[in-house]
Amino acid sequence: MSETVYEVMRSQGITRRSFLKFCSVMATGISLGPAYLYDIARALETRPRVPVLWLHGLEGMDSCRPLRPHRNNHPDHDPSK
């Protein structure tokens, strides 16, 4: 059987208290209430860790575009409008 997320975190020196803080941040990050803290903790303690493979360069060109459009250097462009 493969390791759980909790076992990996414990092997890296993470305390139980820090693990529960991590679970709290996870619950908040996905907009769940504090009642789900122990459900998340139980899942990370008992379910096997799922490996993730990230293939860099396959995310598409949208991630390379800037958030703001470039300045328009065209002579007819008036930025005050």
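The values are calculated or read from the model by the stated rules, or taken from the named source; none is laboratory data. Just so we're clear, the structure is a prediction, and the values are computed from it rather than from any experiment. Positions of Cβ are backbone-derived with ideal geometry, glycine not excepted, and every protein chain shown enters the neighbour counts.
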ask   = Going by the conditions given, is LEU37 modelled with pLDDT of 85 or more and either in contact with a Ser or Thr (Cβ under 7 Å, 6 or more places away or on another chain) or more than 20 Å from MET9 (Cβ to Cβ) (or both)?
value = yes
- Got at least one residue in segment 29-44 being of a type in the set (Asp, Glu) and in contact with a helix residue (DSSP H, G or I) (Cβ under 8 Å, 6 or more places away or on another chain)? no
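Matching residues to (1) in a helix (DSSP H, G or I); (2) surrounded by 14 or more Cβ atoms within 10 Å (Cβ to Cβ); (3) basic (Lys, Arg); (4) out of contact with any Lys or Arg (no Cβ under 8 Å at 6 or more places or on another chain):
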residue	(1), (2), (3), (4)
GLY13	no, no, no, yes
ARG17	yes, no, yes, yes
CYS23	yes, yes, no, yes
ALA35	yes, no, no, yes
ARG42	yes, no, yes, yes
GLU45	yes, yes, no, yes
Scanning segment 1-41 residue by residue, the ones that are polar (S, T, N, Q) and more than 19 Å from the chain's Cα centre (by Cα) total 4
